[in-house]
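**Student:** Here you go, one structure.
The values are calculated or read from the model by the stated rules, or taken from the named source; none is laboratory data. These numbers were taken from a predicted model, which means no experiment stands behind them. Neighbour counts are summed over all protein chains in view; Cβ atoms, including those assigned to glycine, are modelled from backbone coordinates with ideal geometry.
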Amino acid sequence: MTGGMLAIYLLLTLVMGGAIIVGIVKTQTEEVAGKIVTKRTEQVRGRKIVKFDTIVVFRNWSEWAAPREKQLTCIDTARRGNILSSDGKVLSTTVVKCKLYLDLGKKYEKDARGKTKFAGAITDSLLEASLDTMAQILVEAGGSHSKEYYIERVRNERAKESPSQCFRIEERKIPYSVWLSIVRLPGWKNCVVREVDGHSVRYEERSHIYNEMASNIVGLEDGEGTGDFKGLEGAYDSILKGRNGIYSRRRLTKGVWLADIPEEGTTAERRTDGDSVQTVVLQKRIDGQSIVATIDTRIQDVAEDALRHSLETFGGKAGCAIVMEVETGYVVACANLARETDKDGNVAYKEMRDWNSAVSSRYEPGSTMKAVVMTAMLNDPKIQIDTSMKVPVVKRVFPGSKKVIEDSHPNGDSLSVRKVIEKSSNVGMAELGWKYYRNRRSDLVALMKQVFPYEKLNLDVKAPEPNYLMNDVNNSTDDFLRITYGYSTAVTPMQIITFYNTIAGGGRMVKPLFCRAIIDQKGRRHEIAPVVMREHAFSPESAKVMTEMLEGVVNYGTAHGVIKDNNYHIAGKTGTASAHGMGSGVNNASFAGFFPANNPRYTCYVMLENMSTRTFGTQAAKVFKMISDCVMAIDERLSEDLFATTQIDSTKLQQESVVLRGNLKDIARACHLIGRANVKVQTEKPTPGRVPNCRGMSAKDAIEVLHSVGLKVRVTGYGKVASQSPNAGTAVKKGATVVLNLR
């Protein structure tokens, strides 16, 4: 720059705001710990300013590339274990599902010649060509709408001036295989959206294979993506979820990485913010173990169907049915149904989320509690009760009481102690309580707590267990008297079945269990042993007397003519409790018992909530009988015992062979048990693509036949198949649903 130009430059600088003279006084450079540090000292307006610049030094290109070629702390997600039923079915597993979004945007571009062409994800012709197929795929996959709905929805969006490029078709997630079949439709590859807001449309989630069956017991996720489960999923979460792997990986080439499988406990260093280094412990992935639930899908299905049928017939609010093995405490069925009314007024009874009434609901049990009070009295060492002793049963007001106590049905002037239980006399129980405990009220409560599991059971399903309620019988004569016939105390259905199971077990109280085994990663099965809560909750003699009384309830008492069976014996007790106070007209009806009474294998409890009719527990007893009949047939030990003790008419054995339809294995077993080896069996080979004829079959046989040709099944009613829809011979696609009406 010449002297004249420099003068002009300085003049212009002064005019624009003042002169700044910068002079670099000194520059120093040195290498420190693999870095070049440059120190510059500048003078600005007469002031010294020191600046430092740091540059990382790499000795070679490999050193520079190392952090770019290696990634630390990659997560290898563990696969969650399955939940299996005791009869070998998969109840819950992890599946891949997708949200279905379509890019329906219409874009146009001009080429080099200025000609306009379509540049969207899919053309109108390709969209329309496969739209019907796409809608049909969604319907067959269990979509929540009709085929016409999906078609119209897509067409309406496409017809807009600016259609959405991320348009969700189905509210529910669909299976990955279904999503993939839509992607593969001609021209749809670019139309189906794969990411929304940077997140993949693919998700892993827990799926109940049998849909709502025992869903609250199996377990539901408490909010999408939270990983917080209830039921068995929550109780055994640490076993099911496994452990994620943490590993490093190296780049082989662009987009291709090789994982370094770590030795357990290996450490690696990871550079974080600034110059700090974090030590990371690497670990291998450990997949979750599977568990075997105590639930038997065959008995569970029967319990749900019988419970639903009764609720639909009598219009109750909700109900539960529990079946439990006497010796082990394994709960083989636990149905919880509640009424749901849709916007059109249609009523359905189904498993509702967080409605596990068997475990979490607390009720005044009514007359099923009379067995508890009677057992407590029989187990009292201070008194001796003669079951043939006469007890007054005429309605009366006891001293210090404000209420009249009377029986729901007239029972004469007196009944024996045994008949008090058989006829379910409120007055008789109050008389016994008054006779022996009016001055020992705390003793009665203590004896009841000894024979009945009032404490929380701490069940192996994640669900709230409420504390029991009991009014203070010392301060209220009415509460003292009411507790003798099932009021002034509130307990859960699971506590009630545990007590009746103790009677069946001769006084041995076992804890209800919902998991019977754990299967490790190598397929080895580890059984969960029964848990004995009290080896002698009460004496075997008391249990024997109570069993005889409960058989009397069925043979001569409140359940007589309702569930009595000449082939096997049932012992149990009806229960009716006012749901909203005495005289409300709305009752909770229940029945608790066990079978076969002479050699108990199963205990069952049925509770129907808010029944508008005065059923006095007999309707719950009918549900019990439906369940017990099926269990007797399903359990091979019981069915063989039943056939062995059943009298067979020899004249019928001389008749010609019977023609049967159904499961050949079961037919052969039944023929063997009754001594009929030469029975002609009519078999039907289903035609693929056609609905088989299931009329006259049992639900079990019909389901097997329909499943064998790839069809889904929905069953209503109980008994044998009376009708089916679609009709036999109708052409259907694999995966379609056939409705069976049983009567």
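**Student:** Can you say whether Glu431 is in contact with a Pro (Cβ under 6 Å, 6 or more places away or on another chain) and under 21 Å from Gly366 (Cβ atoms), as far as the supplied structure shows?
**Tutor:** Numbers: in contact with a Pro (Cβ under 6 Å, 6 or more places away or on another chain): yes; under 21 Å from Gly366 (Cβ atoms): yes.
For Glu431, the condition - in contact with a Pro (Cβ under 6 Å, 6 or more places away or on another chain) and under 21 Å from Gly366 (Cβ atoms) - is met.
**Student:** Oh, and also: Show the residue pairs that are 6+ apart or on different chains and have beta-carbon atoms under 8 Å apart, the first residue being within segment 592-613 and part of a loop (DSSP other than H, G, I, E, B), the second being acidic (Asp, Glu).
**Tutor:** Every condition considered, the pairs that remain are Pro596/Asp641; Ala597/Glu551; Asn599/Asp641; Arg601/Glu325; Arg601/Glu327; Arg601/Asp635.
**Student:** Arg249: surrounded by fewer than 20 Cβ atoms within 10 Å (Cβ to Cβ), in contact with a Cys (Cβ under 7 Å, 6 or more places away or on another chain) and not assigned by TED's automatic domain parsing to the domain that holds Met533, yes or no?
**Tutor:** The answer is yes for Arg249.
**Student:** Got a number for residues in segment 552-582 being without any contact (Cβ under 8 Å) to a residue 24 or more places away in the chain and within 15 Å of His409 (Cα to Cα)?
**Tutor:** Final tally of qualifying residues: 1.
**Student:** Taking the condition within 27 Å of the chain's Cα centre (by Cα), at negative phi and crowded, with 18+ Cβ neighbours inside 10 Å, does Leu220 pass?
**Tutor:** yes
**Student:** Restricting to segment 528-553, name every residue that is under 34 Å from the mean Cα position of the chain (by Cα) and of a type in the set (A, V, I, L, M, F, W, C).
**Tutor:** Ile528, Ala529, Val531, Val532, Met533, Ala537, Leu550
**Student:** Name the residue that is surrounded by the fewest Cβ atoms within 10 Å (Cβ to Cβ), counting only residues in segment 714-743 that are hydrophobic (A, V, I, L, M, F, W, C) and closer than 24 Å to Ser628 by Cβ.
**Tutor:** Among those that are hydrophobic (A, V, I, L, M, F, W, C) and closer than 24 Å to Ser628 by Cβ, it is Ala722.
**Student:** So, Ala644, is that one of a type in the set (Gly, Ala, Ser) and either modelled with pLDDT of 60 or more or buried (at least 17 other Cβ atoms within 10 Å of the Cβ) (or both) or not?
**Tutor:** no
**Student:** Of these, Thr489, Thr498, which one is out of contact with any helix residue (DSSP H, G or I) (no Cβ under 7 Å at 6 or more places or on another chain), touching a residue at least 24 places away in the same chain (Cβ under 8 Å) and either on the phi < 0 side of the Ramachandran plot or crowded, with 18+ Cβ neighbours inside 10 Å (or both)?
**Tutor:** Thr498
**Student:** Name the residue, out of Gln619, Gln521, that is assigned to a helix (DSSP H, G or I), farther than 25 Å from Glu455 by Cα, at pLDDT below 95 and not β-branched (Val, Ile, Thr).
**Tutor:** The match here is Gln619.
**Student:** Being part of a loop (DSSP other than H, G, I, E, B) and of a type in the set (D, E, K, R) is the filter; apply it to segment 434-467 and report the residue that is farthest from Val391 (Cα to Cα).
**Tutor:** Going through the qualifying residues, I end up with Asp460.
**Student:** Among the residues of segment 132-157, write down those that are farther than 20 Å from Lys734 by Cα and either outside any helix (DSSP H, G or I) or hydrophobic (A, V, I, L, M, F, W, C) (or both).
**Tutor:** Scanning segment 132-157 gives Ile151, Val154.
**Student:** Still on this structure, please answer the following. Testing Lys160 on (1) in contact with a strand residue (DSSP E or B) (Cβ under 9 Å, 6 or more places away or on another chain); (2) more than 30 Å from Lys734 (Cα to Cα); (3) not hydrophobic (A, V, I, L, M, F, W, C), one condition comes back false. Which one is that?
**Tutor:** So Lys160 meets the others, but not (1).
**Student:** Answer yes or no: is there a residue in segment 408-417 that is surrounded by fewer than 14 Cβ atoms within 10 Å (Cβ to Cβ) and in contact with a Gly (Cβ under 9 Å, 6 or more places away or on another chain).
**Tutor:** No, segment 408-417 has no match at all.
**Student:** In segment 443-460, what residues are in contact with an Asp or Glu (Cβ under 9 Å, 6 or more places away or on another chain) and farther than 18 Å from Ser539 by Cα? Reasoning before the result, please.
**Tutor:** Narrowing segment 443-460 to residues in contact with an Asp or Glu (Cβ under 9 Å, 6 or more places away or on another chain): 443-444, 447, 449, 456-459.
Result: Lys456, Leu457, Asn458, Leu459.
**Student:** Filter segment 343-380 for residues that are closer than 22 Å to Lys230 by Cα and either crowded, with 21+ Cβ neighbours inside 10 Å or among the aromatic types (Phe, Trp, Tyr) (or both); which is modelled with the lowest pLDDT? Show your work before the answer.
**Tutor:** Looking only at segment 343-380, we keep the residues that are closer than 22 Å to Lys230 by Cα, and these are 349-362.
Then drop every residue that is not either crowded, with 21+ Cβ neighbours inside 10 Å or among the aromatic types (Phe, Trp, Tyr) (or both), which leaves 349, 351, 355-359.
Working: Tyr349: 93, Glu351: 93, Trp355: 87, Asn356: 93, Ser357: 95, Ala358: 97, Val359: 97.
Top of the filtered list is Trp355.
**Student:** Please name all residue pairs, on different chains or six or more residues apart, with Cβ atoms under 6 Å, provided the first residue is in segment 415-434 and is free of Cβ contacts under 8 Å to residues at least 60 places away in the same chain and the second residue is of a type in the set (A, V, I, L, M, F, W, C) and assigned to a helix (DSSP H, G or I).
**Tutor:** Sorted first by the residue in segment 415-434, then by its partner, the pairs are Gly428/Val420; Ala430/Leu481.
**Student:** Assuming Lys402 fulfils every condition listed in (1) charged (D, E, K, R); (2) in a helix (DSSP H, G or I); (3) modelled with pLDDT under 95 apart from one, which condition is it?
**Tutor:** For Lys402, the failing item is (2).
**Student:** Those residues that are in a helix (DSSP H, G or I), within 26 Å of Lys106 (Cβ to Cβ) and either of a type in the set (Val, Ile, Thr) or not assigned by TED's automatic domain parsing to the domain that holds Asp222 (or both), I need them from segment 169-203; list them, please.
**Tutor:** If the condition is that a residue be in a helix (DSSP H, G or I), within 26 Å of Lys106 (Cβ to Cβ) and either of a type in the set (Val, Ile, Thr) or not assigned by TED's automatic domain parsing to the domain that holds Asp222 (or both), then Ile182, Val183 are the ones that fit.
Let's see how each residue does on (1) in a loop (DSSP other than H, G, I, E, B); (2) under 29 Å from Arg353 (Cα atoms):
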residue: Glu205; (1), (2): no, yes
residue: Asn211; (1), (2): yes, yes
residue: Ile246; (1), (2): no, no
residue: Trp257; (1), (2): no, no
residue: Glu264; (1), (2): yes, no
residue: Glu269; (1), (2): no, no
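**Student:** So Arg80 passes all but one of these: (1) surrounded by 13 or more Cβ atoms within 10 Å (Cβ to Cβ); (2) over 30 Å from Ile261 (Cβ atoms). Which condition number does it fail?
**Tutor:** (2)
**Student:** Hey, could you check segment 185-243 for residues that are in contact with an Asp or Glu (Cβ under 9 Å, 6 or more places away or on another chain) and among the basic types (Lys, Arg) and say which is nearest to Thr133 (Cα to Cα)?
**Tutor:** Only one residue tops the list, namely Arg206.
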